[in-house]
Every structure is written in structure tokens, then in C-alpha cells.
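These notes concern the structure reproduced below.
The values are calculated or read from the model by the stated rules, or taken from the named source; none is laboratory data. Owing to the predicted nature of the structure, the values given are computational and were not obtained by experimental measurement. Using ideal geometry, Cβ is built from the backbone for each residue, glycine included, and neighbour counts are taken over all protein chains shown.
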Amino acid sequence: MENPDAYRAGKDLVEVEWRQNHRNYYSSFSLRFYQENDMPLLTGWFPSQSGGDEIRESQTDAFSNPIPWQLTWVQWFALQNVLAESDLPAYRKPSSDSYDEVDSEIRIVWRTDDGDEAQTLSGSYAEALEALVLGIAEEAYAASKLETEQREVRETAELVEIYWEQNASFARDCFSFLLDERTLPSRAEKQMLFSYRYQDGDGKPIFRKNAAVEPEKAQAYFSSIGQELRALELPVYPGACPDGVVDSYLAATWQDSGEVFTNNYCGEGAQSIFHLLAAFAEETEAGIFSRPAPDGGWKCPECGMPNGSSVFCAECGIRRPAEE
Ligand SMILES: [Zn+2]
């Protein structure tokens, strides 16, 4: 990512995490600035900077993935440049008998020509930096609240990500689906991942998190779901949803001529999309169970899950049977 504003001091900001514990709760915060898929992002919590005594906290989705606030590159480079020029002392933990002292730790990772370099600095007397960081956090929070309008989905737009969470009084009407391309912490490259939680036709709960799926298969489903979304013309969420018994939040991310945008729909009445996602989940489940057990592994006699060297089945938890 080349940016004309980039600071050229021989190092680039990779991530920064700032945790501050203060006797006054409203001077405490915990924030992490990082990048994912070439986007600058922020997670954590902090006291409202626009009056009031609210605590702003980033959320997680139904599969416990963080939902970060998005930053602009202007905000990211402002932070990077101020950090690069700051002259903060090294962090030291306050002694346990000084209850008044602020515990403020800033962990920074820089990328230099010689690899990554970590710093742990004290934020106790960094008022200007604190004001900048909390200001950026408040702006990112406010920007996240503005996305209440739907953008027009042109014929050239392609669906690239879908998240749907529905809560209702009957368990069989509750479900969550997430299909998107992401990088897992354990691997370097991006993968197409599918997470789902729903009840199948027999009322059996199906749950899987981050199943890797073939990009071509995901593409085919994205295409069908995109067609349905265009045809259904679902109302915007929240706002115009019918007064039903369910809360149905469907976020669809589209890509059109290099531009990416997310529309939030009220998913009530999108039964055809549920059937498509459930069919893909079924196909994914079948693929997982039909894999042969790896060398030294075992196929669970109870549920059919291929397991590695683990003692207990990763799927149903029964103990590996003794060898014959
Ligand atoms: Zn099993």
C-alpha cells in the first residue's frame, strides 16, 4: 500500500495497542490499531469524547469475530507520524503500593528494512498523543453509525461477502451465516471461509466456524445470492423492517468497478437466500465428513469426523477407540 502521506523514516507502523488503567474509569481505555486486508482498523473500548458518560466498545459478530471500526488512511498516517516522532519513556509497571499511579502501556510494532521491531512505551505523560488517539477513535465510531442508507446495486456489482444474523422466539428461526475472504491468524494467505449456525430440516443444530471452502464454489453461491438480493429488494436495516417477531440483520458487501460498499438489509422474507446458504453449508459439511482421516488419525465411529492424533473427537467429543 503506497500512500503519498506515508512517513518515510525507514519504518512503517504495523500495529499499536494502548492500554490505560486509571483510578478514574473515564480516563481508562484499551485500543488496538492494526491492518487487515489492506484496511486500517481499530478495536477496543474508550470513553465517549463527545460529552456524556458512555463507553464506546467495538462489537463481535455471532461467531465471536471482532467487528472493528474502520479508519481512514489519513487517520492511520497521522497516528504513525506522531508515534514515529514521539519521545516517550520505556514502559514500567507501577509498583503495587502506589494506587494513584496511572498504568499506561503502549505496545508498538514497526516494520523496518531489517524486519519487525517492537517497542513498549509509557503513555502516562503523553497527553497530546492520548488526545489524538481518542479523537481518531471517536471519529471512527461516529463514521460507523452513519451507514443507514443503501447504495444502488448496479448490474456490474458483484457480491463478495455476506453476514446474516437472525434472532427469533423459535430456535429453528434463529441462525447466523458468514461467508467472506479473510486471513486467519494461523496462516499467511487469505482464504474463503464459511461459518454457520442453524437448524437443518430435521431440527438438528449445525454449527461450524471458519470452514475453508473452494473459492469457485463460494463464487457460484455469491452469484446466486446476489441475484436473489437484487430481485427481493429488501428494506434497509434498521428502519423499514416490518414489525415481525424476528430481528434479522443481513449485511451484504458488494464490489463494483473496484469500489467496495456494504448494504444493511432487513432479512425477513429472504427465505430463498436462507435456502441457498443452508445448501452450501450442507455441501460444506458433507465435504468435511467425507475427507479421509490423516496418517495416524482416526475416523470417529460415532459421527464420522476425520480426526488427527487427538484423543477426543473434534466434532462429538467421544474418546478415540482403542486399536484392535
Ligand atoms: Zn465424533
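Quick notes on this structure:
- Subset of the stretch 307-318 that is within 10 Å of the ligand (Cβ to nearest atom) and either in a loop (DSSP other than H, G, I, E, B) or in contact with a Phe, Trp or Tyr (Cβ under 9 Å, 6 or more places away or on another chain) (or both) - its residue that is farthest from Pro205 (Cα to Cα): Asn307
- Applying the condition of being of a type in the set (S, T, N, Q) and closer than 27 Å to Asp173 by Cβ to the stretch 183-231 and asking which residue is modelled with the lowest pLDDT yields Asn210.
- Per the listing Gly287, Gly304, the residue uniquely surrounded by fewer than 16 Cβ atoms within 10 Å (Cβ to Cβ) and either near the ligand (Cβ under 10 Å from one of its atoms) or of a type in the set (Val, Ile, Thr) (or both) is Gly304.
- Residue list for the stretch 65-86, filter: outside any helix (DSSP H, G or I), of a type in the set (S, T, N, Q) and touching an Asp or Glu at 6+ places or on another chain (Cβ under 9 Å): Thr72
- All positions within the stretch 87-97 that are touching a Ser or Thr at 6+ places or on another chain (Cβ under 9 Å) and in a loop (DSSP other than H, G, I, E, B): Leu88, Pro89, Tyr91, Arg92, Pro94
- Options Leu277, Leu234: the member that is surrounded by 13 or more Cβ atoms within 10 Å (Cβ to Cβ), more than 16 Å from the ligand (Cβ to nearest atom), at pLDDT 95 or above and closer than 15 Å to Tyr163 by Cα: Leu277
- Selection of the stretch 292-306 for residues being of a type in the set (A, V, I, L, M, F, W, C) and part of a loop (DSSP other than H, G, I, E, B) yields Ala293, Cys300, Cys303, Met305.
- Here the condition is being more than 15 Å from the chain's Cα centre (by Cα), crowded, with 17+ Cβ neighbours inside 10 Å and either under 30 Å from Arg19 (Cβ atoms) or without any contact (Cβ under 8 Å) to a residue 24 or more places away in the chain (or both); of Leu159, Leu134, Leu178, it holds for Leu134 alone.
- Among the residues here, Arg172 qualifies as over 16 Å from the mean Cα position of the chain (by Cα), loosely packed, with under 13 Cβ neighbours inside 10 Å and not in a loop (DSSP other than H, G, I, E, B).
- Whichever residue in the stretch 181-195 is over 17 Å from Phe280 (Cβ atoms) and without any contact (Cβ under 8 Å) to a residue 60 or more places away in the chain and, among such residues, is surrounded by the fewest Cβ atoms within 10 Å (Cβ to Cβ): Pro185
- Screening Ala62 against (1) closer than 30 Å to Trp164 by Cα; (2) not in a loop (DSSP other than H, G, I, E, B) leaves a single unmet condition, (2).
- Checking Phe261 against (1) over 25 Å from Glu283 (Cβ atoms); (2) surrounded by 17 or more Cβ atoms within 10 Å (Cβ to Cβ); (3) not polar (S, T, N, Q), the condition it does not meet: (2)
- Cβ separations smaller than 9 Å between residues 6+ apart or across chains give the following pairs from the stretch 201-222 residues that are part of a helix (DSSP H, G or I) to residues that are of a type in the set (S, T, N, Q) and surrounded by 13 or more Cβ atoms within 10 Å (Cβ to Cβ): Pro215/Gln191; Lys217/Thr284.
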